[in-house]
Amino acid sequence: MSFELNWGVIGPGRIASTFINDLLHSHDTLRKDVTSKKIRHKLVAIASSSSVERARKFKEDSINEASDDGIKCYGSYNEIFNDPKVDILYIATPNLNHYQLCFDALSHGKNVLMEKPFTINYKQAEILAKLAKDKHLFLMEAYWTKFLPVYREVYDLLFSHDKSPIGEIKRVVSDLSFTFPRDDPGMERIYDPSLGGGVTLDIGIYSMYWPLGFLDKDCQLTFPDIAASANMADTGVDISTAVILKYNENNTLGIATCSGFFDNHSHGVVINGTKGRIEVDDSCVPSEYWVYDEKNEPLIHKRFNYNGRGMFFEADHVADCLARGLKESPLHTLSHTIRMAKILDTVRKQVGTIYPESLESTETSKTK
Ligand SMILES: NC(=O)C1=CN([C@@H]2O[C@H](COP(=O)(O)OP(=O)(O)OC[C@H]3O[C@@H](n4cnc5c(N)ncnc54)[C@H](OP(=O)(O)O)[C@@H]3O)[C@@H](O)[C@H]2O)C=CC1
Ligand SMILES: O=C1OC[C@@H](O)[C@H](O)[C@H]1O
């Protein structure tokens, strides 16, 4: 029996277009549940807050005709919350309204895949997690990196065997940096504090998730000591940031950096152990990893190629969770999301990225 998941999209912009293209049009053989027809994804509705024409344009641009089985287009977000055909909403708006939209979606009984950063702050993240639990709905932060084959294999190498090939993990160093041109209109969401800008919430989250995921994988350790510092943009948000996370219980260090000043072409992640190290090419979209022993001898080198961006790994995982009746991903739990939200709050406080009170608020109003 095939499980069909009916998706609705809120925020028909850049990343939503990539996600939908992956979801519907990638037939990669690594998508075992899709190629075997165990799960089937369907897009049933798209909502734009600007106009119904914008939703229609998104449909025309992102979806081939074969996938258009009567997709509804709405000119307001509120309408999609009330569409009974929608099983799960993928919310892909800029950071500023993540909390409000997710709150409304859950309140209307919809499961949610919420783009990163999950919320503006920790308090909002906690409220959403509790709401999903109270309403028995599925909720996951769209930290898609965690579902890519490189992340999964490295994780399994380190934690699913009797012996890790690099001994005890002692340090994780990671970076994610891109050139974010100050005057490019598409960069508004990075520079504008009223849109929840700053590199910490935009890309720092990717580099910080490696230390969190590998040094405190089950979020069981005491919250780490954090020291953060940043270069600031003239708009008052951080644009190049360094964070140290010190875990006292297992005596480990995470060093996570991110910058909007340059593209980092060097390896994005190094996991140092007592008997070797693992390097990963990129902290956001990893496609390759290397394992070395303590004498710097190469042990493993593996590269993955697939068709599409790879956001389908996350989407297929979500479908599998829903098919199994799960309300939370076992791989990317809400504890991870809430822990990360607390780390992000701490970093922002230390570096001085301040948002308007309206963004930080946990009060909700009705979405139009
Ligand atoms: N997983 C990943 O790899 C990536 C994730 N992201 C995340 O996805 C989210 C969206 O990013 P991106 O797609 O680049 O965003 P866009 O700037 O393309 O905006 C997405 C859509 O959000 C809607 N929107 C709602 N409110 C606003 C507002 N106040 N200002 C502007 N647009 C608004 C607009 O659609 P309409 O008006 O029609 O409703 C817009 O098209 C961000 O939170 C970002 O962090 C971004 C890039 C990559
Ligand atoms: O999530 C993201 O990943 C890729 C970056 O280019 C983008 O700014 C960010 O939002």
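At a glance:
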read-out: Helices (runs of 4 or more DSSP H) completely within segment 13-68 that count 2 or more residues being crowded, with 16+ Cβ neighbours inside 10 Å and away from ligand 1 (no atom under 16 Å from the Cβ); value: 32-35
read-out: For Gly308: the one exception among (1) at pLDDT 95 or above; (2) over 25 Å from Val243 (Cβ atoms); value: (1)
read-out: Qualifying residues in segment 174-220 (those that are under 25 Å from Pro330 (Cα atoms) and outside any helix (DSSP H, G or I)) - the one nearest to ligand 2 (Cβ to nearest atom); value: Ser174
read-out: Search result, residues across segment 275-299 that are of a type outside the set (D, E, K, R) and within 16 Å of ligand 1 (Cβ to nearest atom); value: Ser283, Cys284, Val285, Pro286, Ser287
read-out: Segment 60-85: number of residues that are more than 22 Å from His108 (Cα to Cα), without any contact (Cβ under 8 Å) to a residue 40 or more places away in the chain and charged (D, E, K, R); value: 4
read-out: Pairs with Cβ under 6 Å, 6+ apart, first in segment 101-121 and in contact (Cβ under 8 Å) with a residue 24 or more places away in the chain and away from ligand 2 (no atom under 15 Å from the Cβ), second of a type in the set (Val, Ile, Thr) and assigned to a loop (DSSP other than H, G, I, E, B); value: Phe103/Thr364; Asp104/Thr367
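The values are calculated or read from the model by the stated rules, or taken from the named source; none is laboratory data. None of these values were measured; they are calculated from a predicted model. Note that we place each Cβ from the backbone using ideal geometry, even for glycine, and neighbour counts take in every protein chain shown.
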